[in-house]
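The values are calculated or read from the model by the stated rules, or taken from the named source; none is laboratory data. Worth saying up front: this structure is predicted, and the values here are computed from it rather than measured. Because the Cβ atoms are built from the backbone with ideal geometry, glycine has one as well, and the counts that use them run over all protein chains shown. Heavy atoms of the whole protein, side chains included, go into the accessibility calculation; ligands, DNA and RNA do not. Shrake-Rupley method; radii C 1.70, N 1.55, O 1.52, S 1.80 Å.
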Amino acid sequence: MPDAFWQPTIYLDCGRRLTPLHPLDAVNADALLKAARDILENVARGSERPVAIDLRDDYLVVRVASSAPSRSAFIAVLSREDVATFLAETFPHVHLPPALQWLLSLQLAGIGLKAGAERDKRSIETRKRQSQQLRAAFEIEDMATLGRQVSNALVVALDRYVHPHHSGVGKSVAAYVDRYMPVGTRLYSLCDRDGTTFPVLDMGPLDGEPVLTLHAMALPDIRVQDIACLNDLGLRLIWPLRHGVCAPDATALSHKEHVDHALRGALMALQVLCGGRAQVLAFAAASKLGIELAHREPAAVSALHVAGVCLREGRPETGPRRLARGVLALAANRPALLDPILGQFETHLRKPGVFEGFLKRQFAESSADLSIIEAELNGPFGSRRFRDALLDSAASARHDFLFQSDLGWSRASADLPIHLHHGDKDRIHPLPLIEALNKRLPNSVLHRHQNVGQLFCHEHFMPLWFIVAGHNRHGDQAG
């Protein structure tokens, strides 16, 4: 059965907070939301059942509980047209007139023939005849069996719609998540009105405090213990993926197109999964996107956290990072040359043994960063995870260099709370530069992380998330 043969109205049930999976038609939005809330209240009053089905006016309302960490609880509000579409697709050999489709909806909602007749002001004899016709159409002898079979098929179809197998997500990013991400990481896509899809990584408890998380050029190494920490903290990280992430065949967008696409996906994730307003956590140069998002939609961003702060001016010009400095100079002065140069370099890095040496040289000046690189290279995946995360994301990663031509710190609003998280062992953006930036920003707090370099990863995540969650248990120093 196709994943998207219909478009039912779906609300994700995030800890009793309902958020629409897709933008709603404003004409019926209030009635649909009321129907969803009614069944949620009924479920809350009774025992927690895996599936609850009810009728509200003309709507069949289905609530499906979460069955696994990778599955979201949801509520579907189905019009009579939605039910007809489902039946035509799922039971093509069964042809039911509207009256029998309605009787089936009554049965699915647990409303018997007598109660249904009274509800609709019909005679019980009429409903008995319709019941016979309905059972004959399905070739099933009793209504209870018929109801079970159809409700099971309905729940499967709805779950497939809410959790399509990586629908709207490229094969490479799906393979990356399947191969490298731990159980408890959810991957799906959000779809805008014009059909544009935005892949999203979602981790942590479904009812946790949502934090919109903006990734740097390569997705970080998330481990089982990281998921466990998020669960303990009650923190849910929502990662909208930028165009070209883990998509080696993606066509590069212009810089403006890339930024606009990234902000559009971030704002949609804020609206659909974060209740319209949340803290934003940006890694490295993705701070540009966080600042721009808060500038365009100030009501949507309650605070901006930046981990591994980037600055362009004042950075050291010595050391082994000649390539990075050269690429940054191209991005700032001759961006047209960036793509061919990076293309040649990507081909070079894919040669056996080259990538590993490159990583070690780039981070050799910081013992903290080098320990992260060594842990990656000696981990269960060797260099494969980092290589796939970075080189297969070239269409996205190139923009992190362009971001640094103008990171936008001057555009930060005086009303936006900003938290700068920076490692005391960062040799790329030394701490004194970040301290000076902190003094320039009107509403900023600096969190100095001990024995951390530019790379916030592995054991550095947990102190960061403690602060974001408001549980500052690691002796953070603020200045």
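Counting only protein heavy atoms and a 1.4 Å probe, the chain has 44 square angstrom of accessible area per residue. Between the range 70-98 and the range 282-319, what's the alpha-carbon centroid distance in Å? Distance between centres, Cα-based: 45 Å. In a reduced charge model with +1 at each Lys and Arg Cβ and -1 at each Asp and Glu Cβ, the range 385-448 shows a dipole moment near 140 debye about its Cα centre. For ALA412, neighbours were defined as the other residues whose beta-carbon sits under 12 Å from its Cβ, and their charges (Lys and Arg +1, Asp and Glu -1) total +1.
Axis of helix 224-233 versus longest Cα principal axis of the chain: the two differ by about 70°, to the nearest ten degrees. Total lysine pairs in the chain at Cα distances under 27 Å, for residues eight or more apart or on different chains: 12. Under the rule a/c < 1.5 gives rounded, and otherwise a/b versus b/c splits prolate from oblate, where does the range 125-217 land using the Cα gyration tensor? It is prolate, given that a/c is not under 1.5 and a/b is the larger ratio.
Rolled with a 1.4 Å probe across the full set of protein chains, the surface gives ILE39 an accessible area near 10 Å². Sequentially through the range 121-131, phi angles give Karplus couplings (6.51, -1.76, 1.60; θ = phi - 60°) of 6, 10, 7, 5, 5, 4, 5, 5, 5, 5, 4 Hz, Gly and Pro residues having no value and appearing as x. For MET143, the solvent-accessible surface with a 1.4 Å probe is about 30 Å², rounded to the nearest 10. Where a ≥ b ≥ c are the square roots of the eigenvalues of the C-alpha gyration tensor, would you call the range 54-120 rounded, which needs a/c under 1.5, or, failing that, prolate if a/b is larger than b/c, or oblate? Oblate shape, in that a/c is at least 1.5 and b/c is the bigger or equal ratio.
For the range 348-402, a crude dipole built from +1 on the beta carbon of Lys and Arg and -1 on the beta carbon of Asp and Glu, taken about the Cα centre, is about 260 debye to the nearest 20.
Compared with the dominant Cα axis of the chain, that is its longest principal axis, helix 80-90 is turned about 80°.
Expressed to the nearest 5 percent, the antiparallel share of DSSP beta bridges inside the chain is 55 percent. With respect to the chain, whose longest principal axis is taken over its alpha-carbon atoms, helix 255-273 is tilted by about 50°.
Distant-in-sequence amide contacts of SER302, defined by a placed amide H-H separation under 5 Å and a gap of 5 or more residues or a different chain, comprise ALA278, GLN279, VAL280.
Shape of the range 224-300 from its Cα gyration tensor (a ≥ b ≥ c, root eigenvalues): rounded if a/c is under 1.5, otherwise prolate when a/b > b/c, or oblate? The shape class here is oblate.
Share of carbon and sulfur in the accessible area of the range 344-431 stands at 54%, probe radius 1.4 Å. Computed over protein heavy atoms with a 1.4 Å probe, the carbon and sulfur contribution to the accessible area of the range 96-248 reaches 50%. Sorting ARG63, ARG448, ARG49 by accessible area puts them as ARG49, ARG448, ARG63; the probe is 1.4 Å, largest comes first, and only protein heavy atoms count.
When the P(r) is computed for the chain, the part past 40 Å accounts for 30% of the Cα-Cα pairs. Amide H contacts of ARG236: GLU209, VAL211, each under 5 Å away and 5 or more positions distant or on a separate chain (H built 1.01 Å from N in the peptide plane; Pro and chain starts excluded).
Largest to smallest in accessible area, the residues THR85, THR9 fall in the order THR85, THR9 (1.4 Å probe, all protein chains included). Given +1 at the Cβ of Lys and Arg, -1 at the Cβ of Asp and Glu and no other charges, the dipole of the chain around its Cα centre is 260 debye to the nearest 20.
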